[in-house]
1. Heavy atoms of the protein only, probe of 1.4 Å, neighbouring chains included. What is the accessible area of residue 135 in Å², nearest 10?
2. Let's test the formula: R0 of 22 Å, r as the Cβ-Cβ distance of residue 31 and residue 176. What FRET efficiency results, to the nearest 0.05?
3. Simple spin-label model, 7 Å along Cα-to-Cβ: residue 86 to residue 117 in nm?
4. Please give the length that would be gained between residue 186 and residue 211 if that part of the chain were fully extended, namely 0.36 nm times their separation in residues minus their C-alpha to C-alpha distance (nm, one decimal).
5. At 7 Å along the Cα-to-beta-carbon direction for both residue 240 and residue 196, put a label point, then send me their distance in nm to one decimal.
6. Specify which residue in the list 208, 141, 180 is farthest towards the positive end of the charge dipole of the stretch 117-212, using unit charges on the beta carbon of Lys, Arg (+1) and Asp, Glu (-1), about the Cα centre.
7. Heavy atoms only, probe 1.4 Å: what % of the accessible area of the stretch 193-254 goes to carbon and sulfur, would you let me know?
Amino acid sequence: MSTSPLRSKDEVITNGKYVLVQRGDQDKIIEFNAQEKLRFGRGSSVQEIELLNAEGCQFYSTFRVQTRTSEPKVIGNMKRICYLELVPDTMDPIFSTERSVSGKDNRNIVDDNKSQSLGQTDIAVLREKGISGPEILDTLITSSKTFNQKTEFSQEKYLKKKERSYGDTLVFIKPTLSLVVDYYFKKDPVKIMNLRVDSLSQILTYGNVYSGGRYMVYETACSGLVIGAVLQRLGGNGICLHIHTGSTPQRSFG
């Protein structure tokens, strides 16, 4: 896919750039490579998604995950090869089923795992038939015996949980410092010493970090977030000397 001359190079997805991929409430930070595949999902919903069609698109583009029809259709196969299809800015809502009916409370709902008549095998069949994520979600709703008895809050919680597994839209976001800090804080806060965005901003304020300054920073346990924040604040003007233990600085964690 060619890059439009009207687009800034910094706003276009190209090889070597880092991208925050968002799927429902799931996030992944990747170093983009158009020839590689992105893995999403668990168990029977695992998908390997080809990234080729995202190359040259703008950040914050939305893509729909499509399954290759040429792939062998084996029900129960744990891995499906998929590709991305760019969707317009005006797209259909994820959930099309009307949800005007809801319960006042959940007191009469019995959690016996029998309320959903649609099983994993049925869902696999729907996927193999090319049924889209929103349609699968609608089918799950209509097949649930207790959905209309749930409160509105419980319904939204249910939908978000199912969208994580069966939703088929990805958003490719340009990482910012605040997004990266939030991502690592949700993934494993202990490995960044529970550093939050507000705490990081206080460090920069108390350190009087500004463009054109000269700073010496000692950091060994925050995956380079403090150093990255200082460098971003400098904006290419100034000096930042990184002091660390060992022969190489800590850059990231798995």
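The values are calculated or read from the model by the stated rules, or taken from the named source; none is laboratory data. Keep in mind that this is a model prediction, so the values were computed, not measured. Neighbour counts run over all protein chains shown; Cβ positions are idealised from the backbone, glycine included. Calculation scope for accessible area: heavy atoms of the full protein, side chains included, ligands and nucleic acids excluded. Shrake-Rupley method; radii C 1.70, N 1.55, O 1.52, S 1.80 Å.
1. The value for residue 135 is about 90 Å².
2. According to the calculation, E is roughly 0.85.
3. Taking the two extended label points, one gets 4.3 nm.
4. 6.0 nm
5. A separation of 2.3 nm, rounded to one decimal place.
6. Looking along the dipole axis, the top candidate is 208.
7. Carbon and sulfur together cover 53 percent of it.
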